[in-house]
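A quick write-up on the structure given underneath.
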Amino acid sequence: MSATPRLISRLVPLVGQLRTYDRAWLRGDLIAGVTVAALIVPKNLGYAAIAGIPVQNGLYAAAAGALVYAIFGSCRQISVGPSSALAAVAASAVLAAGLVAEQDIASFVAGITLASGILFLLLAVLKMGWIARFLSRAVVTGFLFGAAIDVVIGELPKLTGTEVTGSNPIQELRSWFGTLGEGNTATAVVGVVALAVVFGLRAVAPRVPGALVLVVGGLLAAPLFDLGAKGVALVGDVPSGLPSFQVPNLQLMIDHAGTTALAAVALLLIGFSQSAGDARAFAAKHHYRVEINQESTAQGLSNTAAGVFQGMPVSTSLSASSLNDHAGAKTGVASLTSGITVILTLLFLAPLFSNLPKAVLAAIIIEAVVMGMMNVPEMRRLARVQRFDFWIAMAALAGALVFGVLAGVVIGIFLSLIWLVSVATRPKMPALGLEEGTQVFREVGEHPEDTVYPDVAVIRLDGGLFFATADAFDDRLRELIHSSPGLTGVVLDCGGINFIDSQGVDKLGDIVDLAHEAGVTLRLARLKPEVRAVLERDGVIERLGADRIHGNIYRAVEAERSAGAASGRAADGPVE
């Protein structure tokens with residue numbers, strides 16, 4: 001393949017997929033595309049309801065996301081569209097902006113979607129996909145759990161036909177309990193039956209699309225039992241047709257610039273953490289590679305398209321992607337098929353959703369967030385494996401509940417950064433001992449039976465020596481030198497030091513001088529060439545002495561003990 005077609009295939013992966021397309025794949029791609037569309041159409045109606053925008057706008061976003069990702073995405077099984085987590089963030093942004101008019105809400109949601117798309121594209125251009133790592137998995141798990149509880153509480157009034165008040169989910173839940181005696185009986189019956197159907201199908205027939213069954217059942221029940229006349233709220237007018245190209249209200253974005261920026265960053269972090277991991281997983285399963293920067297580009301263009309076509313935020317849907325994979329998707333043609341099917345739904349079937357009971361839609365939303373965002377097994381794993389991570393997740397969960405979903409993202413980022421700083425500034429620096437009968441030095445804390453010499457201390461620094469770890473390193477070495485009577489030498493295992501900055505070099509230079517003044521010999525073992533080059537540029541190697549650089553710990557210890565014996569210093573026996 002020449003350079004130009006190769007470049008086109010890299011920038012537009014669907015072109016490369018079509019160049020090598022096997023006709024035997026077509027049946028699987030078409031079936032997968034239609035199957036996924038049957039799953040996402042009813043769910044996207046619910047996601048739009050979470051965000052507070054017209055339900056058809058969720059389908060606009062679904063079509064835009066599926067079509068654009070099919071063209072520019074490098075993962076062949078991914079299904080892109082609205083998700084419950086992104087819808088919850090959008091709803092929280094609307095609440096923070098204090099918007100109430102439906103037109104303003106729709107424009108604002110489209111605006112933050114467009115802003116997140118631009119951020120994704122910027123991420124791809126600058127190759128800054130690593131930024132998503134600032135949101136740890138524990139924080140994401142806790143935040144999503146809290147957001148799911150928030151969404152469920154917000155949907156409860158629709159199941160009973162009541163109105164609630166409150167500035168946070170806890171107050172709303174208390175208010176809801178207080179209104180139960182005022183609820184509409186017919187609405188409550190519809191809500192209970194809908195919940196029983198959607199969760200029951202997941203339990204007894206998980207392959208059956210419960211949301212689709214529920215939508216069809218709700219549409220049939222509404223005229224059959226005259227639910228509207230009995231006080232059951234219906235979705236209302238859902239127009240047919242396709243969205244027009246429409247730039248969101250920029251003045252609205254400017255008036256709420258802080259909320260817009262925060263929401264866009266939150267959508268970026270959550271969306272990227274979902275899409276990157278899922279793309280890698282499917283690529284590994286089917287033995288091909290994905291380009292993360294290309295994934296950022298695809299996500300950016302998908303959100304940009306959703307934003308200018310009156311949609312809402314989109315990202316990878318793991319449930320839809322898994323269904324896409326199981327149904328036989330081999331290329332982006334499956335995603336194209338999903339997008340076209342959604343478009344056909346908008347053109348010919350959209351008005352049918354007008355008679356859908358809101359209680360049915362609420363049940364679909366509750367099932368989606370409970371099963372997709374409340375990851376109980378992961379919370380249990382965190383509690384079992386690393387209790388600190390569990391409490392981080394719980395803090396993110398509480399933040400989302402008490403302060404709102406958008407604030408929960410900020411709290412999550414803050415907690416992630418605090419955890420990162422805490423880990424970075426407190427590197428492990430264990431003492432090492434010699435395993436009997438070998439030349440291997442191991443951590444004394446884990447192997448107390450190993451040999452420890454009273455006159456030569458062996459210390460290992462796990463991590464880079466830079467501004468964040470320099471002070472901890474300095475404190476550890478000073479304490480060792482000043483509090484160890486009889487100490488004649490210190491061997492620093494540098495095998496874990498793969499990076500050193502100017503501050504780290506300066507601290508190591510100070511330790512060289514301190515050791516010299518204290519009559520202690522400092523030796524470095526397993527020093528990496530790139531680290532040594534930096535030390536040489538600052539003269540530290542010259543001050544230390546090149547003869548005190550050793551290839552391994554054993555040689556360094558033997559050299560120090562031999563030097564001690566030659567100079568007449570007592571070479572005490574090992575401490576067992």
(message) Could you check the stretch 142-179 and list, in sequence order, the residues that are polar (S, T, N, Q) and either surrounded by fewer than 18 Cβ atoms within 10 Å (Cβ to Cβ) or touching a residue at least 24 places away in the same chain (Cβ under 8 Å) (or both)?
(response) 160, 165, 167, 168, 171, 175, 179
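Is it the case that residue 99 is part of a helix (DSSP H, G or I) and in the same structural domain as residue 215 (by TED's automatic domain parsing)? Before the answer, list the steps.
Values: part of a helix (DSSP H, G or I): no; in the same structural domain as residue 215 (by TED's automatic domain parsing): yes.
So residue 99 fails the test.
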(request) Tell me which residues, restricted to the stretch 487-500, are within 18 Å of residue 533 (Cα to Cα), touching a strand residue (DSSP E or B) at 6+ places or on another chain (Cβ under 8 Å) and without any contact (Cβ under 8 Å) to a residue 40 or more places away in the chain. (result) 492, 494, 495, 496, 497, 499, 500
(message) Taking the criterion of being under 30 Å from residue 388 (Cα atoms), assigned to a helix (DSSP H, G or I), modelled with pLDDT under 95 and among the polar types (S, T, N, Q), would at least one residue in the stretch 168-177 satisfy it?
(response) yes
(message) Being in contact with a helix residue (DSSP H, G or I) (Cβ under 6 Å, 6 or more places away or on another chain), surrounded by 17 or more Cβ atoms within 10 Å (Cβ to Cβ) and either under 18 Å from residue 427 (Cα atoms) or not charged (D, E, K, R) (or both) is true for just one of 491, 531. Which residue is that?
(response) 491
(request) Residue by residue through the stretch 375-393, note down the ones that are among the aliphatic types (A, V, I, L, M) and buried (at least 18 other Cβ atoms within 10 Å of the Cβ). (result) 379, 382, 392, 393
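Buried (at least 24 other Cβ atoms within 10 Å of the Cβ), farther than 30 Å from residue 331 by Cα, assigned by TED's automatic domain parsing to the domain that holds residue 406 and not β-branched (Val, Ile, Thr): which single residue out of 87, 93 fits that description?
Working: 87 fails: farther than 30 Å from residue 331 by Cα.
Only one candidate passes the filter, namely 93.
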(message) Restricting to the stretch 27-54, give me the number of residues that are within 17 Å of residue 113 (Cβ to Cβ) and either of a type in the set (Gly, Ala, Ser) or surrounded by fewer than 24 Cβ atoms within 10 Å (Cβ to Cβ) (or both).
(response) 5
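Residues checked against (1) part of a helix (DSSP H, G or I); (2) at pLDDT below 90:
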residue	(1), (2)
245	no, no
260	yes, no
273	yes, yes
290	no, yes
295	yes, no
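Take residue 478 and decide whether it is assigned to a helix (DSSP H, G or I), among the charged types (D, E, K, R) and either at pLDDT 85 or above or over 30 Å from residue 154 (Cα atoms) (or both).
Working: assigned to a helix (DSSP H, G or I): yes; among the charged types (D, E, K, R): yes; either at pLDDT 85 or above or over 30 Å from residue 154 (Cα atoms) (or both): yes.
In short, yes.
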(request) Mind telling me which of the residues 149, 131, 118 ends up being at pLDDT below 90 and part of a helix (DSSP H, G or I)? (result) 131
(message) Criterion first (outside any helix (DSSP H, G or I), touching a residue at least 24 places away in the same chain (Cβ under 8 Å) and either more than 16 Å from the chain's Cα centre (by Cα) or not assigned by TED's automatic domain parsing to the domain that holds residue 304 (or both)) does residue 74 satisfy it?
(response) yes
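So for the stretch 465-486 (the condition being among the basic types (Lys, Arg), in contact with a strand residue (DSSP E or B) (Cβ under 6 Å, 6 or more places away or on another chain) and surrounded by 15 or more Cβ atoms within 10 Å (Cβ to Cβ)), does at least one residue qualify? Break it down stepwise before answering.
Keep residues of the stretch 465-486 that are among the basic types (Lys, Arg), which gives 476, 478.
The next check asks that each one be in contact with a strand residue (DSSP E or B) (Cβ under 6 Å, 6 or more places away or on another chain); those that pass are none.
Within the stretch 465-486, none of the residues are among the basic types (Lys, Arg), in contact with a strand residue (DSSP E or B) (Cβ under 6 Å, 6 or more places away or on another chain) and surrounded by 15 or more Cβ atoms within 10 Å (Cβ to Cβ).
The values are calculated or read from the model by the stated rules, or taken from the named source; none is laboratory data. Keep in mind the model is a prediction, meaning the values are calculated, not measured. Ideal geometry is used to build each Cβ from the backbone, glycine not excepted, and the neighbour counts take in all protein chains shown.
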